[in-house]
């Protein structure tokens, strides 16, 4: 490692951010373990994905779900390392290890005797864990890694993709064990997918129209962001003043950074944000 890179790793800001990310991954694992051991496992419900596969094997063979969860995640971690990136996989692997440990530490307790309420509560709690892990650039492992690989090349909601993948696993429960349990598990998976999409908004596109007089400075600032910009000359309908209108498409996740960049250049800029139902063509600028 070069000296400059070594020094950057020791900066307080980097250390604080790293500790923050580790803390988020621990919280994510804790929520996943609580959702499973407090709500789903007591009723022999599935959360879908690799967790669901391990639960089915565990219910049938009485093997430890934590051990099976770790073993089945290894090939997915190797695949993700090659495609998604090192930081993502390091955080995901950390979350997997936390989850394996917490599944042993958190006791299996039946909080509710109602399987419907348990499926909804377990789905929501697990989804919050998955969502916050995705927001910091990691995942809880399993099908989340497959989902991240697919959504990096296809503009597709993460929660919907996870619902489809998890639904296939839950069908196995219906054929092999009990259709009532499978339907309860499907409800949990549906709720989880919707909550994940509410938290992980990387796929939601918005179009921003920015009207400003600081055209050159604004363009210089916005060109540091990964998306293209279209410039148009405009004239105020009441003031008759000439301005520039800049149009760019970004994700809702990146919107905060865009808003901050705009206000730093021109606090008097006018910005209109509208949801984009479909994007056709190149979305991000190619990296230089």
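The values are calculated or read from the model by the stated rules, or taken from the named source; none is laboratory data. This is a predicted model, so every value here is computed, not measured. Don't worry about glycine lacking a Cβ; one is built from the backbone with ideal geometry, like all the others, and counts go over all protein chains shown.
Worth pointing out:
- Any hit, the range 101-108, residues being in a helix (DSSP H, G or I) and over 21 Å from residue 31 (Cβ atoms): no
- Residue list for the range 233-247, restricted to those being closer than 14 Å to residue 270 by Cα and part of a strand (DSSP E or B): 234, 235, 242, 243, 244, 245, 246, 247
- Of all residues making up the range 248-281, the number that are in a strand (DSSP E or B) and modelled with pLDDT under 85: 3
- All positions within the range 223-234 that are crowded, with 16+ Cβ neighbours inside 10 Å and modelled with pLDDT of 85 or more: 229
- Considering only residues in the range 41-69 that are assigned to a loop (DSSP other than H, G, I, E, B) and within 13 Å of residue 142 (Cβ to Cβ), the one that is modelled with the highest pLDDT turns out to be 46.
- Residue in the range 113-123 that is modelled with pLDDT of 80 or more and farther than 19 Å from residue 182 by Cβ present: yes
- Some residue of the range 235-247 being modelled with pLDDT under 85 and under 24 Å from residue 137 (Cβ atoms): no
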